[in-house]
Amino acid sequence: MKICAVVINPNSGRGTKKNEGKIIDKLKEYGYLGKIYYTMYPNHAEEIVLNVEADLLISIGGDGTFYEVMNGNFKRKTPIILSHIPMGTTNDIGHMYGLSNDIIKNFDAILSGVVKKVDICSINNRYFVYVASFGKFMEIPYETPQKLKKRLGHAAYLINGSKDLFKRTKKYNVTYEIDGVKHNGDFTFIIISNANRIAGINNFYRDMKLNDKKFEVMFCSISKLRKLARAFYTLKTSDISYISGVECYKTDNIKITFNDDFEPWCLDGEKYDDTKRTFVIETKKEIEMMIPTKNVDKLFL
């Protein structure tokens, strides 16, 4: 019998403990012997993945949990096929793949799904699953208290983010090189992504694929609150590339240098504090993921 390891972050979402028996039964239904592991401290998921023996590994938690799982998987001699069930605050990855907050239904959707290869990017050789971001609003995921996220869900981000609205919007002087051409400008935030759902916003990019060996890049120079609000409202009807004050690219490699002070990046909702002024982002590897069939045609070539 094949083995499926289930790695659960008990701090994300609710109800995983009471579903243990149902999870084991569901895995058995699809021919897997299930083994459940609970994370107990930061980066524990990465350690579990490094040492576990399994044919399939399904993580349950927020986007940060899958971030740890994926990084651990790349350190293995023989990577495992991965999947992820969203139980965090925003759950961009899970929703992008067509999953819900019903754990058992998600197991059905995954185990009856398909295995696809997904591009993975890196920033200074540190992998991230779907987004690396910097600047205005980008610290909200890791600065919002865990207790508030658990109690209020996505509303916790909105509450914490509202405080940022009225702070002075800082611009960062950046030089970046893409496709052999250097550019310079002052920007309020930067988003590097391989996803069509970011910060709870669907269809952030309307023409992106998870296996085209490229990622999407966005530099925003908008600083006025009124214009920022209008830009986010525009996302309801068109993608980010149509918004004035935004520079967008699709590439497999970009070098970004900060010419003055800068803040930590946010990788998949987690703080990434690197003292280097220059960051190289590139499409580096790919992972095999078992995903539902629901959005496969939209997300893959």
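The values are calculated or read from the model by the stated rules, or taken from the named source; none is laboratory data. Keep in mind it's a predicted model, so treat the numbers as computed, not measured. Note that each Cβ is placed from the backbone with ideal geometry, even for glycine, and that neighbours are counted across all protein chains shown.
Go through the range 180-203 and report how many residues are touching a His at 6+ places or on another chain (Cβ under 7 Å) and surrounded by 15 or more Cβ atoms within 10 Å (Cβ to Cβ).
Step one: list which residues in the range 180-203 are touching a His at 6+ places or on another chain (Cβ under 7 Å), which gives 197, 200.
From what's left, surrounded by 15 or more Cβ atoms within 10 Å (Cβ to Cβ): 197.
Total meeting the criteria: 1.
A single entry from Y30, Y38 fulfils the requirement of being among the aromatic types (F, W, Y), over 24 Å from F128 (Cα atoms) and surrounded by 14 or more Cβ atoms within 10 Å (Cβ to Cβ): Y30. Between E288, E270, E263, E282, the distinction of being of a type in the set (D, E, K, R), touching a Lys or Arg at 6+ places or on another chain (Cβ under 7 Å) and touching a residue at least 24 places away in the same chain (Cβ under 8 Å) belongs to E288 only.
Would a scan of the range 136-149 turn up a residue that is modelled with pLDDT of 90 or more and within 27 Å of S83 (Cα to Cα)? Scanning the range 136-149 turns up no residue that is modelled with pLDDT of 90 or more and within 27 Å of S83 (Cα to Cα).
All conditions in (1) farther than 25 Å from V115 by Cβ; (2) among the charged types (D, E, K, R); (3) not in a helix (DSSP H, G or I) hold for K35, with the sole exception of (1). Apart from one condition, C266 fits all of (1) more than 16 Å from A132 (Cβ to Cβ); (2) surrounded by 15 or more Cβ atoms within 10 Å (Cβ to Cβ); the exception is (1). Sub-9 Å Cβ pairs linking a first residue in the range 212-232 that is at pLDDT below 90 and β-branched (V, I, T) to a second residue that is part of a loop (DSSP other than H, G, I, E, B) and surrounded by fewer than 14 Cβ atoms within 10 Å (Cβ to Cβ), at least 6 apart or interchain, are I222/S244, ordered by first then second residue. Would you point out which residue out of I85, I120, I93 is in the same structural domain as P42 (by TED's automatic domain parsing), within 18 Å of A45 (Cβ to Cβ), of a type in the set (V, I, T) and not in a helix (DSSP H, G or I)? Exactly one residue qualifies, and that residue is I85. Applying a threshold of 7 Å to beta carbon distances and a minimum spacing of six or more residues, or different chains, the list of pairs starting in the range 54-76 at a residue that is under 14 Å from G34 (Cβ atoms) and ending at one that is part of a helix (DSSP H, G or I) and of a type in the set (F, W, Y) reads S59/F66. Scanning the range 244-301 for residues that are touching a Phe, Trp or Tyr at 6+ places or on another chain (Cβ under 7 Å) and of a type in the set (F, W, Y) returns F258, F262, W265, Y272.
When the range 51-82 is filtered for residues that are polar (S, T, N, Q), more than 16 Å from M40 (Cβ to Cβ) and in a helix (DSSP H, G or I), the ones remaining, listed by number, are N71, N73. For the range 239-271, taking the residues that are within 19 Å of the chain's Cα centre (by Cα) and either acidic (D, E) or modelled with pLDDT under 85 (or both), the one that is farthest from I201 (Cα to Cα) is identified as D252.
Right, L228: part of a loop (DSSP other than H, G, I, E, B) and crowded, with 16+ Cβ neighbours inside 10 Å or not? Reasoning before the result, please.
On the way: part of a loop (DSSP other than H, G, I, E, B): no; crowded, with 16+ Cβ neighbours inside 10 Å: yes.
No: the conditions fail for L228.
For F107, indicate whether it is under 24 Å from N295 (Cβ atoms), part of a helix (DSSP H, G or I) and at pLDDT 95 or above. So F107 fits the description; yes. Residues in the range 83-92 that are buried (at least 24 other Cβ atoms within 10 Å of the Cβ) and either under 21 Å from F204 (Cα atoms) or in contact with a helix residue (DSSP H, G or I) (Cβ under 7 Å, 6 or more places away or on another chain) (or both) were compared, and the one that is modelled with the lowest pLDDT is T89.
Inside the range 289-301, can you point out the residues that are more than 20 Å from F204 (Cα to Cα) and surrounded by 16 or more Cβ atoms within 10 Å (Cβ to Cβ)? Before the answer, list the steps.
Filtering the range 289-301 for residues more than 20 Å from F204 (Cα to Cα) gives 289-293.
Once the filter is applied, which keeps residues that are more than 20 Å from F204 (Cα to Cα) and surrounded by 16 or more Cβ atoms within 10 Å (Cβ to Cβ), the range 289-301 yields M289, M290, I291, P292.
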